[in-house]
Amino acid sequence: MELGSSSVGKLEPFLLMSKSAKGAAAAKLVQDATSAPGVFVFSELLELPNIQELATNEQLAKFYTLLELFAYRTYTDYLQHKDSLPPLNQAQITKLKHLTLISLAMDRRVLPYAQLLQTLQMPTIRDLEDLIIDAIYQDVIRGKLDQKGQQFDVEYTMGRDVEPGKIESLLVALQDWASTTAAVLSTLDDRLSTLTRQAAAEKKAKSEYETVYHKNLKEMADKQREAKFNASRVGVKPTLPSGPSAAGLAFAEREKERERLERERERENGMDVDDPTDPKGKNKKTPAPDPSKNRKRNRF
C-alpha cells in the first residue's frame, strides 16, 4: 500500500457532511478536517460548492484560505500570514509541520537537522526527532534518522495536493524527466552494445590464438617424433641381447660352451708326451709338474 493512501478514505466522512454544511457549519467542517488525525489531502474538499462559497464570504473567507494552506502551503507560509488566519490548535500545528516535512522531502532526499529546526521552529533536536518519528508512524514519510550526521535521510514520501495553477509546470517537469530518462536509457543501450561487441571480438581473438597455439604444439610434437624415428634408423650401433630373453640365454650358453672347449684344448696341450729317443715308448719318465702351468690353468 502506498504512503498516504488511507488519508483519502479518512477524508470521506467530511466530504459527505459538506454536502449539507453551509456558512459557519462549513467553516467548522474545515476546522475539523484540518484537525482530524490521518487526513493529509484536501483538494476534493476544496472543490465542493459549499466550501468554495466560503471564499466569497468576507467573514468566513479566512477558513477557505486556511484549507488552502493545509492543501498547498507550509508552516513558513502560516507564520507569514498568521494574523489573517484563524488561530490553530496544537493538532493543526503538528499536522501542518508534517505537511511541511513532506514538501521538503519532495525536493531533497537529505534534510539537515539545522534546516528542519529553523523551518519547523522546533526548540530542540529531541523535539524534531519526535516530530519525524510521529510522521513515520502516521505513514506519510519513510526514512532514517542519522544522529551522527545530524540529518534525516528520506527514503519515500507521500504526495501532496497539486495547486491548480501548478499543474502545467508539473507536466513540464515530468516531460523533462521523461526526456532525461530516455537519453540515459539510450546512452546505456549504446554502451551495452559497445561492450557486447568488445566481448565478441575478445572471444574471437582468444579462439584464434588458441587455435594457432595448439597447431604450433602439434607441429613441434610431430617434428620431435620424426627426429626420434630418423635417429633410430641412422647411426645406431647394434647391441648384444641382454636380459632374460631367449636370444640372450642362447648367446650365454654358446659362450659357456666355447669357454669349455678352450679349457679342454688347453688341458690336452698340457698332457705328457713320449720321449723321442724311445719310439716304442720304453723308459718313459714322468716329468715333474710345472708350477707355472698349474697356475695358468687355475686362471680358467
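Tabulated data for the structure shown
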| item | result |
| --- | --- |
| Condition check for Gln175: open to solvent by 60 Å² or more (accessible area, probe 1.4 Å), of a type in the set (S, T, N, Q) and more than 19 Å from Ser103 (Cβ to Cβ) | yes |
| Breaking point among (1) closer than 29 Å to Val154 by Cα; (2) touching a helix residue (DSSP H, G or I) at 6+ places or on another chain (Cβ under 7 Å), for Asp107 | (2) |
| Gln52 being more than 57 Å from the chain's Cα centre (by Cα) and closer than 21 Å to Leu85 by Cα | no |
| Which listed residue is more than 30 Å from Arg73 (Cα to Cα) and outside any loop (DSSP other than H, G, I, E, B), from Asp222, Asp127, Asp134 | Asp222 |
| When residues of segment 3-59 are limited to those that are part of a loop (DSSP other than H, G, I, E, B) and polar (S, T, N, Q), the one surrounded by the most Cβ atoms within 10 Å (Cβ to Cβ) | Asn57 |
| Extreme residue, surrounded by the most Cβ atoms within 10 Å (Cβ to Cβ), among residues of segment 110-124 that are part of a helix (DSSP H, G or I) and touching a helix residue (DSSP H, G or I) at 6+ places or on another chain (Cβ under 9 Å) | Leu116 |
| Residue match in segment 63-82 (condition: of a type in the set (Lys, Arg), surrounded by 16 or more Cβ atoms within 10 Å (Cβ to Cβ) and outside any helix (DSSP H, G or I)) | yes |
| Residue list for segment 132-157, restricted to those being open to solvent by 80 Å² or more (accessible area, probe 1.4 Å) and over 28 Å from the mean Cα position of the chain (by Cα) | Tyr137, Gln147, Lys148 |
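The values are calculated or read from the model by the stated rules, or taken from the named source; none is laboratory data. What you are looking at is a predicted structure, and each value in this text was computed from that prediction instead of being measured. Methodologically, a virtual Cβ is constructed for each residue, glycine included, from the backbone with ideal geometry; neighbour enumeration extends over all protein chains shown. Just so you know, the surface numbers come from the protein's heavy atoms only, side chains and all, with ligands and any DNA or RNA stripped out. Shrake-Rupley method; radii C 1.70, N 1.55, O 1.52, S 1.80 Å.
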